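Working notes, structure below.
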Amino acid sequence: MSGIVVLISGRGSNMRSIVEAGLPVAAVVANRADAAGLEFARGRGVPTEVVDHRAFASRAAFDEALAEAVDRRSPRLVALAGFMRVLTAPFVARYAGRLLNIHPSLLPAFPGLHTHAAALAAGVKIHGATVHFVTPELDRGPIVIQAAVPVLPDDDADRLAARVLAQEHVIYPRAIEWFLAGRLTVSGGTVTVAGGREAQLVFAPAVVA
Ligand code: NHR
Ligand code: GAR
């Protein structure tokens, strides 16, 4: 087993941050042929594959085809990066302990979709992003690292999303490095990072996009 398979649905900027960090990406798999990130991967010589969810009659059938595409690369780690399909329990179980996601909120606040609009509507003053292990329950898996950013008075969802995204590009490669170095331990639903002094919470109030 070697390398990372990154699953994307669109732009792929998080996948790009992983590739540009020099991490060993074995393949990029998208559920849409028009995912813009595929072009970046091809340009870098990273193998790509498309498994179009619309070609399958059920989530279970899609997830089986997706697992076949992933298993062809025998990855150590599967990383969801802007991947927009909820995965079934059998898929999650197959990659238990080696399936990560980046979610654009400070979990457990604002799971699911449209997190930036939800954060603005709630009036929170601090928002951010979370890398977590994926479990069958959506956005509820053990947390590896979080980054916080301020919510500013004149923010709209797009401005806030851009500020959060800049931090996603910092924390996701860091979490993956820790995973590949064997430094992450999950116990009782929480994650510890072995042998280092790095802050697991990156508070970056000065970073304003
Ligand atoms: N699957 C499981 N089992 N557990 C998680 O924690 C998952 C997951 C699949 C994806 C990413 C996620 C996020 O970070 C993720 C975490 C898609 C949806 C969604 O509702 C929700 C959360 C996430 C990804 N998707 C719709 C669906 O019907 C489709 C939306 C669309 O295509 O635009 O699957 O927030
Ligand atoms: C990122 O902000 C990621 O956290 C989020 O979508 C964006 C994808 O951007 N993920 C989700 O909302 C998962 N439901 P990218 O394609 O440029 O990495």
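The values are calculated or read from the model by the stated rules, or taken from the named source; none is laboratory data. These numbers come from a predicted model, not from an experiment. We place every Cβ from the backbone using ideal geometry, glycine too, and count neighbours over all the protein chains shown.
State all residues of region 172-192 that are assigned to a strand (DSSP E or B), free of Cβ contacts under 8 Å to residues at least 60 places away in the same chain and not small (Gly, Ala, Ser); if no residue qualifies, say none.
Scanning region 172-192 gives 184, 185, 190, 191, 192.
Look through 70, 51, 19, 78 and report the one residue that is under 19 Å from the mean Cα position of the chain (by Cα), of a type in the set (A, V, I, L, M, F, W, C) and closer than 19 Å to residue 103 by Cβ.
78
Can you confirm whether residue 66 is out of contact with any Gly (no Cβ under 6 Å at 6 or more places or on another chain), surrounded by 21 or more Cβ atoms within 10 Å (Cβ to Cβ) and more than 16 Å from residue 138 (Cα to Cα)?
So residue 66 passes the test.
Could you please give the count of residues in region 135-160 that are over 20 Å from residue 13 (Cβ atoms) and crowded, with 22+ Cβ neighbours inside 10 Å?
So the count comes out to 1.
Only one of (1) aliphatic (A, V, I, L, M); (2) more than 14 Å from ligand 2 (Cβ to nearest atom); (3) in contact with a helix residue (DSSP H, G or I) (Cβ under 6 Å, 6 or more places away or on another chain) fails for residue 46. Which number is that?
Only one criterion in (1) aliphatic (A, V, I, L, M); (2) more than 14 Å from ligand 2 (Cβ to nearest atom); (3) in contact with a helix residue (DSSP H, G or I) (Cβ under 6 Å, 6 or more places away or on another chain) is unmet by residue 46, namely (3).
Quick check: is even one residue across region 161-169 hydrophobic (A, V, I, L, M, F, W, C), surrounded by fewer than 23 Cβ atoms within 10 Å (Cβ to Cβ) and assigned to a loop (DSSP other than H, G, I, E, B)?
No, region 161-169 contains no residue that is hydrophobic (A, V, I, L, M, F, W, C), surrounded by fewer than 23 Cβ atoms within 10 Å (Cβ to Cβ) and assigned to a loop (DSSP other than H, G, I, E, B).
Only one residue in 209, 129 is modelled with pLDDT of 95 or more and among the aliphatic types (A, V, I, L, M), so which one is that?
129
List the pairs whose first member sits in region 52-63 and is under 14 Å from residue 88 (Cα atoms), whose second member is assigned to a loop (DSSP other than H, G, I, E, B) and among the polar types (S, T, N, Q), and whose Cβ atoms are under 8 Å apart, counting only residues at least 6 apart or on separate chains?
Pairs that qualify, where the first residue is under 14 Å from residue 88 (Cα atoms) and the partner is assigned to a loop (DSSP other than H, G, I, E, B) and among the polar types (S, T, N, Q), are 53/31; 59/88; 60/88; 62/31; 63/88.
Please find, within region 93-133, the residue that is surrounded by the fewest Cβ atoms within 10 Å (Cβ to Cβ) out of those that are β-branched (Val, Ile, Thr) and more than 11 Å from ligand 2 (Cβ to nearest atom).
126
For residues that are within 13 Å of ligand 2 (Cβ to nearest atom) and crowded, with 19+ Cβ neighbours inside 10 Å, tally how many sit in region 14-27.
Going through region 14-27 one residue at a time, the tally reaches 6.
I need every pair where a residue in region 1-27 that is within 16 Å of residue 177 (Cα to Cα) and free of Cβ contacts under 8 Å to residues at least 60 places away in the same chain has its Cβ under 7 Å from the Cβ of a residue that is away from ligand 1 (no atom under 13 Å from the Cβ) and among the polar types (S, T, N, Q), sequence separation at least 6 or different chains.
Cβ pairs passing all conditions: 26/2.
If you scan region 53-92, which residues turn out to be within 16 Å of ligand 2 (Cβ to nearest atom), of a type in the set (Val, Ile, Thr) and under 21 Å from residue 33 (Cβ atoms)?
Result: 78, 86.
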